Amino acid sequence: MLFHLGVGEHFFVGIWYNGYEVCAKESAGFMGFLIKEFAYFFIATFLLYYLVPKKIQWVVLLVANTYFYYASGWKSFVFLTGTILVSYGLGLLIEKTKKKSLVMWGSILIFVAMLCAMRVLPAARSIMPLGLSFYSLQCIGYMIEVYRGSTEAEKNPLKYYVYISYFPHVLQGPFADYNELKKKIFAPHAFDYDKAVYGCYRFVWGFMKKQVIAERIGNIVNPIFATGEGYYGATVFYAMVLYCIQLYADFSGYMDMAVGVSYGLGIELQENFNVPYRSKSMAEFWRRWHMSLGLWFKNYVFYPMLRTKLCTSIRAKMKAKKNKYAMNVLPTTIGLFVNWTLIGLWHGFDANYLCYDWACGLIIILSEFAKPLYDKVNKAAPKFMQSKFMDAVRVVRTFILVGFTFLLFRPDTLAVSKTLFVNMFTKPGIKQLLEYGYWNLYDEFLIFLPIVLLCIVDSLKYKGVNVYEKVHKWPFVIRWLIYISALIMVYVSKFELAKGIFAYYVF
Amino acid sequence: MTREEILAKVNEVFHEVFDDDSIVVVEATTADDVEDWDSLMHITLIGEIEAAFGFKFQMKDVVGMKNVGEMLDIIAANI
């Protein structure tokens with residue numbers, strides 16, 4: 001989703017679209033579906049959805065999804081429809097045929113080949129539709145579930161179409177399990193005021209994160225990430241920390257908006273972020289960051305990989321040798337390597353994506369290898385190792401490690417990443433940071449309070465507090481003061497910032 | 001084998017896999033309740049339960065089981 005924010009008065013901003021996925025990073029080719037138009041689109045969908053008989057509410061979604069995606073261009077629409085029809089047919093075939101395994105693998109191959117072709121062939125890149133990487137994985141997941149027998153193949157192609165093309169999640173997720181989502185999408189929904197208000201909160205909060213924090217941080221860090229040349233030490237570190245905040249605000253902001261819109265229709269989507277920067281290890285970080293992607297790869301790549309003959313035979317051999325450590329670590333290493341390689345290729349065929357995902361996998365693998373050492377240290381000084389101080393150290397360490405991996409992810413090429421890493425450790429760059437900070441003082445001033453607010457909200461969430469419920473119970477005047485403050489912050493942002501695209505939109 | 005006997009044997013497997021004899025799992029126990037029962041250890045645990053009871057979990061069960069109670073259901077249906 002790409003929210004075009006230059007339009008002005010319309011607070012209940014809208015949805016992006018148009019343009020091609022591969023062009024998104026350059027933001028070339030975007031035509032944009034304006035905020036005002038999304039507001040009309042959503043209000044019309046919302047009203048129709050609750051006015052029609054509940055049995056046919058899903059038909060309203062069918063029309064809305066079709067319109068929503070068609071607005072991104074007829075080529076993308078035809079591609080999406082074709083993809084959905086193919087996976088629908090393959091799902092039925094997998095269910096009926098006796099050669100289930102063969103058909104399932106053939107189906108996966110078709111989708112993987114299509115994704116590869118779209119990324120590699122120049123002719124295909126020009127028609128690459130929005131959200132292809134996301135909805136292709138949804139289709140593959142569905143076909144595997146049919147193969148496993150955990151879901152029946154959907155007989156109604158229109159209902160299957162609604163599931164895949166559901167407009168809040170079709171472009172960037174969150175990935176939804178067919179069994180779970182069909183219960184919600186095809187269930188009758190009466191208008192629920194509380195849910196609608198909650199949806200509004202989530203949407204506005206997500207929009208704030210995207211527009212006020214992520215976009216403005218972009219102003220500060222983009223010059224540093226452009227070539228990496230001439231920026232050193234503390235300045236690069238500063239950009240790295242800010243980028244961690246930017247990507248989180250951007251991607252989780254999108255998710256808040258998607259979840260909020262869906263809530264308005266009474267349909268709960270899976271959460272995709274759970275306070276990731278409070279993680280104490282890289283493995284925990286990936287259980288809290290882009291959770292639905294992690295779950296998809298765990299269910300369809302990592303677990304099946306660990307159940308292959310290769311991994312089970314290694315485990316059996318190590319068990320026979322009574323080497324419990326190797327029995328766990330070796331198959332896990334193989335599984336993690338395959339898993340992270342595939343996630344890297346899913347992100348894109350660029351070397352920096354692959355290196356980024358390998359770096360994440362490598363850190364998790366190394367911490368698995370080092371586990372006996374950690375256990376010894378934990379046993380030697382249990383009080384100290386379980387202290388709040390050590391927890392804080394682990395959180396900071398994980399944040400910095402994540403930041404290092406983002407230095408591979410954010411720049412356009414691996415050469416820029418290399419320059420940034422080298423420059424970070426060659427000169428202190430403190431004086432440069434002070435100067436750079438001074439030149440960006442205006443942006444820094446404007447993001448300071450929103451970031452503090454984000455930290456407070458996340459801290460409360462981490463403690464299990466439902467912030468939205470709390471705010472909802474506050475007096476009317478205070479709530480409206482918050483809304484007006486949010487409006488002012490967004491308004492201040494909109495005058496100067498370029499039309500933003502979501503960072504994950506490129507996938 | 002009664003359900004209680006299955007649960008007792010499952011507890012033994014947990015002790016073996018997690019190297020901790022103090023673990024006591026009950027029907028409602030989930031991965032969140034057992035330290036170290038993460039996705040990396042889950043497959044080792046599944047493999048050891050298969051070895052202990054002499055059957056193979058289906059992939060949908062490996063992925064779908066929500067707690068020990070569901071694990072017991074699957075074991076009971078397969079032995």
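What the pair-distance distribution of chain B shows, using all Cα-Cα distances binned every 10 Å from zero, is 18, 62, 19 percent. For segment A:147-175, a drop of 10 Å² or more in accessible area on going from the chain alone to the assembled protein chains (1.4 Å probe) is found at A:148, A:149, A:150. Taking the protein heavy atoms of chain A in the context of the full set of protein chains, the accessible area attributed to carbon and sulfur is 70 percent at 1.4 Å. Within the shell defined by Cβ-Cβ distances under 13 Å, the residues around residue B:32 carry a net charge of -3, with Lys and Arg each +1 and Asp and Glu each -1.
Take the cross-link list A:75/A:184; A:321/A:379; A:96/A:183; A:96/A:324; A:98/A:298 and give me the ones stretching past 32 Å between alpha-carbons. Pairs exceeding 32 Å: A:96/A:324. Of the trypsin sites (Lys or Arg not before Pro) found in segment A:300-400, those that fall in a DSSP loop while having at most 12 other beta-carbon atoms within 10 Å are A:321, A:322. Distance between the C-alpha centres of segment A:318-397 and segment A:221-270: 25 Å, rounded to the whole angstrom.
For the peptides A:55-65, A:353-363, A:235-245, A:91-101, the ranking by packing is A:235-245, A:353-363, A:55-65, A:91-101, with the highest mean count of neighbouring Cβ atoms within 10 Å listed first. Size of segment A:106-229: Rg and Dmax of its alpha carbons, in Å, are 19.2, 57.
Chains A and B together bury some 1800 Å² of accessible area, summed over both sides, with a 1.4 Å probe. Interface residues of segment A:320-349, defined as those losing at least 40 Å² of solvent-accessible heavy-atom surface relative to the isolated chain (probe radius 1.4 Å), are listed as A:324, A:328. For chain B, the carbon plus sulfur part of the accessible surface works out to 46%, probe radius 1.4 Å. Prolate is the label for segment A:246-326. Its Cα gyration tensor axes, ordered a ≥ b ≥ c, give a/c of at least 1.5 and a/b above b/c.
Above 16 Å, the calculated P(r) of segment A:309-355 contains 48 percent of its Cα-Cα pairs.
Note that the protein assembly as shown presents 46 Å² accessible area per residue, ligands and nucleic acids not counted, probe 1.4 Å. The lysines within cross-link reach of residue A:473, meaning a Cα-to-Cα straight distance under 18 Å and a gap of 8 or more places when in the same chain, are A:195, A:461.
Take peptides B:69-76, A:367-374, A:129-136 and line them up by average Cβ neighbours within 10 Å, highest first, as a rough protection proxy.
Numbers: B:69-76: 17.4, A:367-374: 12.9, A:129-136: 22.9.
Output ranking for B:69-76, A:367-374, A:129-136: A:129-136, B:69-76, A:367-374.
The alpha-carbon of residue A:210 sits under 14 angstrom from the alpha-carbons of these aspartates and glutamates, leaving out residues fewer than 8 places away in its chain: A:250, A:256.
Distances over 44 Å make up what percent of all Cα-Cα pairs in the protein assembly as shown? If you can, show how the numbers build up before the last one.
Working: 35390 of 171405 pairs.
Summing the P(r) tail past 44 Å for the protein assembly as shown gives 21 percent.
Go through A:159/A:182; A:322/B:9; A:100/B:60; A:55/A:159; A:55/A:182; A:280/A:388 and tell me which ones have a Cα-Cα distance over 18 Å in this structure. Check vs 18 Å cut-off fails for A:322/B:9. Two numbers describe the Cα atoms of segment A:171-330: Rg and Dmax, which are 21.3, 62 Å. For segment B:38-79, a drop of 40 Å² or more in accessible area on going from the chain alone to the assembled protein chains (1.4 Å probe) is found at B:39, B:40, B:43, B:44, B:48, B:59, B:60, B:63.
Which whole-number percentage describes the relative contact order of chain A, with Cα contacts under 8 Å and a sequence gap of 6 or more? If you can, show how the numbers build up before the last one.
Details: 683 pairs, mean separation 102.0, N = 507.
Contact order relative to length: 20 percent.
The values are calculated or read from the model by the stated rules, or taken from the named source; none is laboratory data. If you're wondering where the values come from, they're calculated on a predicted model, not measured in any experiment. Every residue, glycine as well, gets a Cβ built from its backbone with ideal geometry; the counts of neighbours run over all protein chains shown. In case anyone asks, the SASA skips ligands and DNA or RNA and just uses the protein heavy atoms, side chains included. Shrake-Rupley method; radii C 1.70, N 1.55, O 1.52, S 1.80 Å.
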